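Peer 1: Just dropping this structure here.
Rule-based calculations on the coordinates, nothing more; no lab input. These numbers come from a predicted model, not from an experiment. Cβ sites come from the backbone with ideal geometry, for glycine too, and all protein chains shown count toward neighbours.
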Amino acid sequence: MSSPSYKRILLKLSGEVLMGNQQFGIDSDFVAELAKEVKAAKDTGLEICLVIGGGNIFRGMAGAAKGMDRAQADYMGMLATVMNALAMQNALEQLGVQTRVQSAVQMDAVCEPVIRRRAERHLEKGRVVIFAAGVGAPYFTTDSGAALRAAEMRCDALLKGTSVDGVYDADPKTNPDAKRYDSVDYDTVLADNLKVMDASAVALCRDNNIPIVVFSIREKGNLARVLAGEGVQTIVQKGA
């Protein structure tokens, strides 16, 4: 597989990944390992934006399913993503990587508001920009937040680091015959309801022609392999 020519990427990490092997919360050791992966990618000259989910702390959809007001639950989920962003910022800066956290929900005491031109300047100066609090509104997932920031920052690709090694036609955890795609187009993902990202995020990437690269972030060194065009991954892009 040829090496992709990315200059700027958005890396979306699920909040669950930050749990490591715990059942809940933030595993500092595992976050430190993730930070090393991000640093190695940045050291190649890549400009990196980060979006991290909040499911390791609180998931709005789960709260709503238990009777909580959906909007209120989603705001709590946004706050969880800010906590994860600060944890990742701390881990990266301990490695000497300069970072800035920008939150879609303004909280000046702990991070900057999302200002696109300021984020552009941070990237030009070699900083990693971590976008928190999704799109800043309820009823949207952090996947939609990641797609929005990838489009806004004109990223060459959106890399989704998860616990599975790509996109399957069925759940590989429950179906041993599930088939993994090496490449699939946006419309197939939407029509077949493949569990890549939520539909609004996939549609936003399609409309802005941003490839979505799905891979396992739990495998050590996998981010570097994927960026080199190697490793196990699924690329969601426009059909031939």
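Peer 1: Going by C-beta contacts inside 10 Å, put Lys66, Lys238 in order with the fewest on the left. Numbers along the way, then the final one.
Peer 2: On the way: Lys66 7, Lys238 10.
Lowest to highest Cβ neighbour count: Lys66, Lys238.
Peer 1: Among the lysines, which have Cα under 22 Å from the Cα of Lys173 when same-chain residues fewer than 8 positions away are ignored?
Peer 2: Lys12, Lys160, Lys195, Lys220
Peer 1: While we're here: Give me the number: length gained by fully extending Asn193 to Glu152, i.e. 0.36 nm times residue separation minus the C-alpha to C-alpha distance, one decimal in nm. Write out the running numbers ahead of the final one.
Peer 2: On the way: separation 41, 0.36 × 41 = 14.76 nm, distance 2.54 nm.
Between Asn193 and Glu152, full extension yields an extra 12.2 nm.
Peer 1: When Lys and Arg each count +1 and Asp and Glu each count -1, what net charge do the other residues less than 15 Å away from Asp177, Cβ to Cβ, add up to? Mind dumping the intermediate values first?
Peer 2: Details: positive: Lys173, Lys179, Arg180; negative: Asp169, Asp171.
Neighbour charge sum, excluding Asp177 itself: +1.
Peer 1: A further question on this structure: So how far, in whole Å, is the C-alpha centre of the range 104-148 from the one of the range 51-66?
Peer 2: Spelled out, the Cα-based centre of one part sits 18 Å from the other.
Peer 1: Among 223-231, 104-112, how do they line up by average Cβ neighbours within 10 Å per residue, starting with the highest?
Peer 2: 223-231, 104-112
Peer 1: Within the range 1-64, report the chymotrypsin sites (Phe, Trp or Tyr not before Pro) that DSSP leaves as loop and that have at most 12 other Cβ atoms within 10 Å. Each step should come with its number before you reach the end.
Peer 2: Values: sites: Tyr6, Phe24, Phe30, Phe58; in loops: Tyr6, Phe24, Phe58.
Answer by residue number: Phe24.
Peer 1: So if I take the centroid of the Cα atoms in the range 151-183 and the same for the range 219-239, what is the distance between those two points in Å?
Peer 2: Centre-to-centre (Cα) distance: 10 Å.
Peer 1: Determine, from the Cβ-Cβ distance of Asn90 and Ser5 and an R0 of 41 Å, the FRET efficiency 1/(1 + (r/R0)^6), rounded to the nearest 0.05.
Peer 2: On the way: r = 32 Å, r/R0 = 0.77.
Computed FRET efficiency for Asn90 and Ser5: 0.80.
Peer 1: Counting only helical runs of four or more DSSP H residues, what would the 222 nm mean residue ellipticity of the chain come to if each run contributes -39,500 (n - 2.57) and the total is spread over all its residues? Walk me through the numbers on the way to the answer.
Peer 2: Details: 8 runs with 87 residues, N = 240.
It comes out at -11000 deg cm²/dmol, rounded to the nearest 500.
Peer 1: Report the antiparallel proportion of the DSSP beta bridges in the chain as a percent, rounded to a multiple of 5. Write down the numbers at each step before the final one.
Peer 2: On the way: 5 of 34 bridges.
Antiparallel: roughly 15 percent of the beta bridges in the chain.
Peer 1: Can you tell me how the range 45-165 classifies by the Cα gyration tensor, rounded, prolate or oblate, using a/c under 1.5 as the rounded cut?
Peer 2: Values: a/c = 1.74, a/b = 1.65, b/c = 1.05.
It comes out prolate by the Cα gyration axes.
Peer 1: I'd like the trypsin sites (Lys or Arg not before Pro) in the range 102-184 restricted to DSSP loop residues with at most 11 other Cβ atoms within 10 Å, sorted by number.
Peer 2: Within the range 102-184, the qualifying trypsin sites (Lys or Arg not before Pro) (loop, at most 11 other Cβ atoms within 10 Å) are Lys125, Lys173, Lys179.
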